[in-house]
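Trainee: Questions regarding the structure given below will be posed in turn.
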Amino acid sequence: MSTPRQSQAVPPVPPSQPGAPRAASQAFPGPHPGGHGYASPIPVRRTHLGHAVASEWTKIRSVRSTVWTLAVMFVLVLGIGLLTAFALGSQDTLEMPVLAGGFFGLMLGQLCVITLGVLVITSEYSTGMIRTTLTACPQRGRVLLAKALVFFLLSFTVTLAACTLTALVQTAMIEGKPVPEYIDPRMLNEETAATGQAVASAGEWLGATVGAALYVALLGLLSLAVGTLLRSTPGAITTMIGLVLLPFIVSLFLFTESVREFGEKLREYSVLNGLSSLFRIPFEGGSADTGWPLLWLLAGVTLAALIGAYARISTRDV
Amino acid sequence: MIEAVGLTKRYGAKTAVYNLSFQVRPGMVTGFLGPNGSGKSTTMRMILGLDAPTEGHVTIGGHTYRRLPNAPRQVGALLDAKAVHGGRSAYNHLLCLAQLSGIPARRVDEVLGVVGLRDVAKKRSKGFSLGMGQRLGIAAALLGDPQVLLFDEPVNGLDPEGILWIRNLMKRLASEGRTVFVSSHLMSEMALTADHLIVIGRGQLLADMSVKDFIAHNSAEFARVRTPDGAPEQRDKLTAALAEAGGHVLPEPDGALRVSGLPLPRISDLAHGADVRLWELSPHSASLEEAYMRMTQGAVDYRSTEDTRAGLLAQPPAGHAGPPAGHAAPVPGQAPGQPNPYAVPPQQAWQPPQPPAAAPVPAPADPTERDSEDAR
């Protein structure tokens, strides 16, 4: 930061003016003179990531925002999934994949996970808790990693539970309904195409439960990274909601000939399309699209954002 | 032991701390004194590795803070009391800090008892008063039974009982051989608590000495002399005689004289020689507060001015802007025309080092660096 020239440009503090006594190096009276000080009787242990994970788990479970955001997400996914199943159940035929109804609830529910992901880090900055945390653990990368791990596992588990429950409800209520004849058999999975009755394949199950939960938890992790970069709750939440919704909305206006192709690409790579593809109702990209490629893309973006967040948290003043 | 060497911190064009070097030794309470905005908190944050110094370094027991193995077991800090998530209970707040450094959970109960918060341990800290927040912060600092303790303005918001408690706590911690470093902008508080003083102003070291030395070097001894009331000619005669003998005489509001530079017996002899009777001749020394004010008066960043309420006055008659004449309110407790008691007396004047004029940011030596700093 400094060059010798710079330090010479500034006049040094007068170390000792006449009448300005500085007794820095005199002998100090007191019960413990010299450099020998107090030693705690409790042995000092080396700390590791496990300690930080335990600490972050205490933190995340002891604030109301965690309970609220995850509970609202759970209710949205299960409630809307139930309503969809009722609506579809009252019809004679089933026009979409059995588990697809889970998407509508999760489309809203993901916003709760995003909010929680942002809050996990920005609430520390807004309350000043971050200074306490980083004083208690100056290894800042460890704090960030512990936060990311705990949040990711928690949001993944809760989302997985909500999605699995919703999928079970839908299988119970609408599986086995006949598929209308006008649907292209190539759009259906093998068993459904063979029998003419809607059945969820193993791949559909995996996508609608593990895939969807992974996707939403990754989005939350990305929010955590964005929150670390921006250090502001409203800023990070706005950024994340913009990222989730804007590309899709913008793509709807790109319908003229000159930009249509760009609009389709934008829609194909939008966050919403990734999630809907996992439920086998993609907005763009055809039936062959399972959503997994977009999930890996999201994982890559999240990893990059986390590396950026690490670089920022370990170098900036707090 | 805390050791700072050439510590400097710049925020863009503003220099918060400049070339600060000092040592904080174990076994005593070291007061860190300075007016608001003088760089105390910035220095504390640099000690704790929260802010990186622009130049220089600061170590605790030979290591920089971020290199300390299990830092909370070596250093406990109270930065600002509200550095707490308000939605979390006092117990959970301390528990998460304890877990971070491998401290068993029963230690949390222990420190809650030490600071007297056991009854509200399960309450969310959002509802805590300033004093309770301060106690929670102190509990966090004590959690790791550390050998070095830093307290930034610990008595802020505490009631008299709490102030006494923290004062005794700091003294006890120091007597156990720990290093205790306490910042404050209240000299009176430090006079009662600290053994050693480090005084800074505008981010620069003004003094580093024991409290006793600080008083001896910075407080002016003076004598109060009163001549019989109703005899101003006697007072004038004495003033002339004292001034002739080399004393420095200032009239006090109640008619007495404040004489410095002459020992008491000499004043008595001079009065006798001038045939002036004395009603009072008493020794005085300026308080620590006065010494501190005198030292830092040149280094105060935020200076209040008198509120003339001009903005509230009805439109003044043309050509007469500003407050009504003769409305310059005198400083409380000071007669008009009386010299500022905090002004440096003529003898043994000690000038605080002049901060490098304006912002001591070196001339545009490296514009790119400046830009990156400004971008924050």
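The values are calculated or read from the model by the stated rules, or taken from the named source; none is laboratory data. Quantities reported herein were computed from a predicted structural model and do not represent experimental measurements. Reconstructed Cβ throughout: ideal geometry from the backbone, glycine too, with neighbour counts over all protein chains shown.
Trainee: Can you report the number of residues in the stretch B:76-105 which are at the interface with another protein chain (Cβ under 7 Å from one of its Cβ atoms), outside any helix (DSSP H, G or I) and closer than 23 Å to A:Gly141 by Cβ?
Mentor: The initial filter retains those residues of the stretch B:76-105 that are at the interface with another protein chain (Cβ under 7 Å from one of its Cβ atoms), namely B:77, B:79-80, B:82-89, B:92, B:95-97, B:99-102.
The next check asks that each one be outside any helix (DSSP H, G or I); those that pass are B:77, B:79-80, B:82-89, B:101-102.
In the following step, the residues that additionally are closer than 23 Å to A:Gly141 by Cβ were identified as B:77, B:79, B:83, B:85, B:101-102.
Total satisfying the criteria: 6.
Trainee: Looking for something away from every other protein chain (no Cβ under 14 Å), among the hydroxyl-bearing types (Ser, Thr, Tyr), under 23 Å from the mean Cα position of the chain (by Cα) and in a helix (DSSP H, G or I) - is there at least one such residue anywhere in the stretch A:164-185? Please lay out each step first, then the result.
Mentor: We begin by selecting, within the stretch A:164-185, every residue away from every other protein chain (no Cβ under 14 Å); these are A:164-185.
Remaining after also requiring among the hydroxyl-bearing types (Ser, Thr, Tyr): A:164, A:166, A:171, A:182.
With under 23 Å from the mean Cα position of the chain (by Cα) added as a condition, the list becomes A:164, A:166.
Checking which are in a helix (DSSP H, G or I) leaves us with A:164, A:166.
There is at least one residue in the stretch A:164-185 that is away from every other protein chain (no Cβ under 14 Å), among the hydroxyl-bearing types (Ser, Thr, Tyr), under 23 Å from the mean Cα position of the chain (by Cα) and in a helix (DSSP H, G or I).
Trainee: OK, next. Which ones in the stretch A:263-294 are small (Gly, Ala, Ser), part of a loop (DSSP other than H, G, I, E, B) and closer than 20 Å to A:Leu108 by Cα? Let's see the steps before the verdict.
Mentor: Taking the stretch A:263-294 first, the residues small (Gly, Ala, Ser) are A:263, A:270, A:274, A:276-277, A:285-288, A:291.
The next check asks that each one be part of a loop (DSSP other than H, G, I, E, B); those that pass are A:270, A:285-288, A:291.
Matches in the stretch A:263-294: A:Ser270, A:Gly291.
Trainee: Of all residues in the stretch B:164-187, how many are assigned to a helix (DSSP H, G or I) and either touching a His at 6+ places or on another chain (Cβ under 8 Å) or farther than 20 Å from B:Asn36 by Cα (or both)? It would help to see each step written out before you state the result.
Mentor: Of all residues in the stretch B:164-187, those assigned to a helix (DSSP H, G or I) come to B:164-175, B:187.
From what is left, the residues that are either touching a His at 6+ places or on another chain (Cβ under 8 Å) or farther than 20 Å from B:Asn36 by Cα (or both) are B:164-175.
So the answer is 12.
Trainee: On to the next question. Are any residues in the stretch A:129-187 without any contact (Cβ under 8 Å) to a residue 12 or more places away in the chain and in contact with a Lys or Arg (Cβ under 7 Å, 6 or more places away or on another chain), and if so, which ones?
Mentor: Answer for the stretch A:129-187, where residues must be without any contact (Cβ under 8 Å) to a residue 12 or more places away in the chain and in contact with a Lys or Arg (Cβ under 7 Å, 6 or more places away or on another chain): just A:Pro138.
Trainee: Considering only the stretch B:254-274, I want to know if a residue exists there that is surrounded by 13 or more Cβ atoms within 10 Å (Cβ to Cβ), touching a Gly at 6+ places or on another chain (Cβ under 8 Å), in a loop (DSSP other than H, G, I, E, B) and not assigned by the TED database to the domain that holds B:Leu192.
Mentor: yes
Trainee: State whether the residues of the stretch A:260-268 include one that is surrounded by fewer than 16 Cβ atoms within 10 Å (Cβ to Cβ), in contact with a helix residue (DSSP H, G or I) (Cβ under 9 Å, 6 or more places away or on another chain) and over 21 Å from A:Leu154 (Cα atoms).
Mentor: yes
Trainee: Which members of the stretch A:35-64 meet the condition of being within 25 Å of A:Leu116 (Cα to Cα) and facing chain B (nearest Cβ under 7 Å)?
Mentor: Within the stretch A:35-64, the first condition is being within 25 Å of A:Leu116 (Cα to Cα), and the residues that meet it are A:49-64.
Residues satisfying the conditions are A:His51, A:Ala52, A:Ala54, A:Ser55, A:Thr58, A:Lys59, A:Ser62, A:Val63, A:Arg64.
Trainee: When only residues in the stretch A:299-318 that are small (Gly, Ala, Ser) and modelled with pLDDT of 95 or more count, which is nearest to A:Leu222 (Cα to Cα)? Spell out the reasoning first.
Mentor: As a first pass, look at the stretch A:299-318 and keep what is small (Gly, Ala, Ser): A:299-300, A:304-305, A:308-309, A:311, A:314.
Within this subset, residues satisfying the condition of being modelled with pLDDT of 95 or more are A:299-300, A:304-305, A:308-309, A:311.
Values: A:Ala299: 9, A:Gly300: 10, A:Ala304: 9, A:Ala305: 7, A:Gly308: 11, A:Ala309: 10, A:Ala311: 15 Å.
The extreme case among them is A:Ala305.
Trainee: Tell me which residues, restricted to the stretch B:222-235, are exposed (fewer than 14 other Cβ atoms within 10 Å of the Cβ) and either in contact with a helix residue (DSSP H, G or I) (Cβ under 7 Å, 6 or more places away or on another chain) or within 30 Å of B:Leu197 (Cα to Cα) (or both).
Mentor: Start the filter on the stretch B:222-235 by keeping residues that are exposed (fewer than 14 other Cβ atoms within 10 Å of the Cβ), which leaves B:228-233.
Passing the criteria: only B:Pro228.
Trainee: State whether one or more residues within the stretch B:121-130 are surrounded by fewer than 21 Cβ atoms within 10 Å (Cβ to Cβ), assigned to a helix (DSSP H, G or I) and more than 22 Å from the chain's Cα centre (by Cα).
Mentor: Scanning the stretch B:121-130 turns up at least one residue that is surrounded by fewer than 21 Cβ atoms within 10 Å (Cβ to Cβ), assigned to a helix (DSSP H, G or I) and more than 22 Å from the chain's Cα centre (by Cα).
Trainee: Among (1) farther than 21 Å from B:Leu117 by Cα; (2) surrounded by fewer than 21 Cβ atoms within 10 Å (Cβ to Cβ), where does B:Lys82 come up short?
Mentor: With (1) farther than 21 Å from B:Leu117 by Cα; (2) surrounded by fewer than 21 Cβ atoms within 10 Å (Cβ to Cβ) applied to B:Lys82, the lone miss is (1).
Trainee: State all residues of the stretch A:178-198 that are farther than 25 Å from A:Leu294 by Cβ and crowded, with 19+ Cβ neighbours inside 10 Å; if no residue qualifies, say none.
Mentor: A:Val179
Trainee: Sticking with this structure for a sec: Looking at (1) over 28 Å from B:Lys82 (Cα atoms); (2) part of a strand (DSSP E or B), which one does B:Gly230 not meet, given that it meets all the others?
Mentor: Every condition holds for B:Gly230 apart from (2).
Trainee: A follow-up question, please. The conditions are (1) more than 14 Å from every other protein chain (Cβ to nearest Cβ); (2) closer than 30 Å to B:Pro69 by Cα; (3) not β-branched (Val, Ile, Thr), and B:Arg172 fails exactly one of them. Which is it?
Mentor: For B:Arg172, the exception is condition (1).
Trainee: Further question on the same structure: Kindly evaluate A:Phe103 against the criterion of being more than 12 Å from chain B (Cβ to nearest Cβ), within 22 Å of the chain's Cα centre (by Cα) and surrounded by fewer than 21 Cβ atoms within 10 Å (Cβ to Cβ). It would help to see each step written out before you state the result.
Mentor: Values: more than 12 Å from chain B (Cβ to nearest Cβ): yes; within 22 Å of the chain's Cα centre (by Cα): yes; surrounded by fewer than 21 Cβ atoms within 10 Å (Cβ to Cβ): no.
Criteria not met by A:Phe103.
Trainee: May I ask you to verify whether B:Arg73 is charged (D, E, K, R), within 9 Å of another protein chain (Cβ to nearest Cβ), assigned to a helix (DSSP H, G or I) and in contact (Cβ under 8 Å) with a residue 40 or more places away in the chain? Give the steps one after another, and end with the answer.
Mentor: Working: charged (D, E, K, R): yes; within 9 Å of another protein chain (Cβ to nearest Cβ): yes; assigned to a helix (DSSP H, G or I): yes; in contact (Cβ under 8 Å) with a residue 40 or more places away in the chain: yes.
It is true that B:Arg73 is charged (D, E, K, R), within 9 Å of another protein chain (Cβ to nearest Cβ), assigned to a helix (DSSP H, G or I) and in contact (Cβ under 8 Å) with a residue 40 or more places away in the chain.
Trainee: Let me ask something else about it. From B:Thr54, B:Thr30, B:Thr64, B:Thr59, grab the single residue that is more than 24 Å from B:His196 (Cβ to Cβ) and either surrounded by 22 or more Cβ atoms within 10 Å (Cβ to Cβ) or more than 21 Å from the chain's Cα centre (by Cα) (or both). Before you say what the answer is, go through the steps one by one.
Mentor: On the way: B:Thr30 fails: more than 24 Å from B:His196 (Cβ to Cβ); B:Thr64 fails: more than 24 Å from B:His196 (Cβ to Cβ); B:Thr59 fails: more than 24 Å from B:His196 (Cβ to Cβ).
Answer to the check: B:Thr54.
Trainee: Could you tell me whether any residue of the stretch A:208-217 is modelled with pLDDT of 90 or more, surrounded by fewer than 18 Cβ atoms within 10 Å (Cβ to Cβ) and under 24 Å from the mean Cα position of the chain (by Cα)?
Mentor: So far as the stretch A:208-217 goes, yes, one or more of its residues are modelled with pLDDT of 90 or more, surrounded by fewer than 18 Cβ atoms within 10 Å (Cβ to Cβ) and under 24 Å from the mean Cα position of the chain (by Cα).
Trainee: Looking only at the stretch A:295-318, count every residue that is assigned to a helix (DSSP H, G or I) and touching a residue at least 40 places away in the same chain (Cβ under 8 Å) and tell me the total. Please lay out each step first, then the result.
Mentor: The initial filter retains those residues of the stretch A:295-318 that are assigned to a helix (DSSP H, G or I), namely A:295-315.
Subset that is touching a residue at least 40 places away in the same chain (Cβ under 8 Å): A:295, A:298-299, A:301-302, A:305-306, A:308-310, A:312-314.
Number of matching residues: 13.
Trainee: Could you list, in sequence order, the residues of the stretch B:96-138 that are among the hydrophobic types (A, V, I, L, M, F, W, C) and in contact with a strand residue (DSSP E or B) (Cβ under 9 Å, 6 or more places away or on another chain)? So that I can check it myself, show each step before the final result.
Mentor: Kept after step one, since they are among the hydrophobic types (A, V, I, L, M, F, W, C), are these residues of the stretch B:96-138: B:96-98, B:100, B:103, B:105, B:108, B:111-112, B:114-115, B:117, B:120-121, B:128, B:130, B:132, B:136, B:138.
Within the stretch B:96-138, B:Val120, B:Ala121, B:Ile138 meet the criteria.
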